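Here the structure comes first, spelled out in structure tokens, and everything after it is commentary.
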Amino acid sequence: MADIIIALLVAFFAGILVKTVDWLDDDKKSRHPGKFLLAVFYGLAIGYIIGTASFALIFLAALIAQIIAKKVDTMAHLVGFTIAVLSLVVFGVPYMDLALLAYFLVLAFIDEGEFVGNLKFISDYRPFLKVGALPLILIGRWDYFVGIMVFDFGYELTRYVLTSRFGKKKAK
């Protein structure tokens with residue numbers, strides 16, 4: 001039980017760090033070198049989750065989808081991605097249920113799409129991976145849903161704090 005709690009806490013903090021780097025890169029257009037340190041930490045956090053957590057495949061799929069969708073588009077995110085991949089040497093590679101990985105990969109890729117107009121909320125909140133993890137609860141795999149929701153809670157909480165504190169421009 002302690003392992004899942006630690007993994008969930010790491011997922012929460014990874015969400016905070018990823019959103020902070022997003023905000024520094026996309027909204028602030030910051031050149032501050034601190035964003036690279038934050039990217040290293042989120043890379044380690046995501047690598048830890050992928051290497052050790054019971055819900056690793058959902059994070060691995062999201063990481064792969066980022067590359068396929070060409071969303072690793074800043075140097076800071078490249079640092080975070082690279083650290084996540086390299087950290088698997090330390091944390092290990094998870095058992096891969098290829099069907100489940102493919103399922104999550106498709107959902108994560110759809111989440112990376114750019115929706116417009118009335119569907120823009122889909123791009124903002126990326127619901128497919130979260131909704132797709134929900135049915136796994138029926139087979140006793142609540143950890144996938146909770147893991148991605150905890151990450152997302154950290155991400156969205158940070159979005160809220162940053163936009164409330166530093167302006168109305170929406171942090172993507």
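A short reminder: the numbers here are calculations on the coordinates, not readings from a lab. All values derive from a computational prediction rather than experimental measurement. For neighbour counting, all protein chains shown are included, and Cβ atoms are generated from backbone atoms with ideal geometry for every residue, glycine included.
Summary of values
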{"read-out": "Among 93-105, 42-54, the order from most to least packed when residues are scored by Cβ within 10 Å on average", "value": "42-54, 93-105"}
{"read-out": "Extension gain, Asp97 back to Lys70 (0.36 nm per residue minus Cα-Cα distance, nm)", "value": "7.3 nm"}
{"read-out": "By average C-beta atoms within 10 angstrom, highest first, the peptides 119-127, 145-153", "value": "145-153, 119-127"}
{"read-out": "Segment 75-101-segment 49-65 distance, computed between alpha-carbon centres (Å)", "value": "7"}
{"read-out": "Estimated [θ] at 222 nm from DSSP helical runs (n ≥ 4, -39500 (n - 2.57)) normalised by residues in the chain, nearest 500", "value": "-23000 deg cm²/dmol"}
{"read-out": "Mean Cβ neighbour count within 10 Å, used as a protection proxy, ranking 6-12, 138-144 highest first", "value": "6-12, 138-144"}
{"read-out": "Degrees, to the nearest 10: 56-68 long Cα axis against longest axis of the chain", "value": "50"}
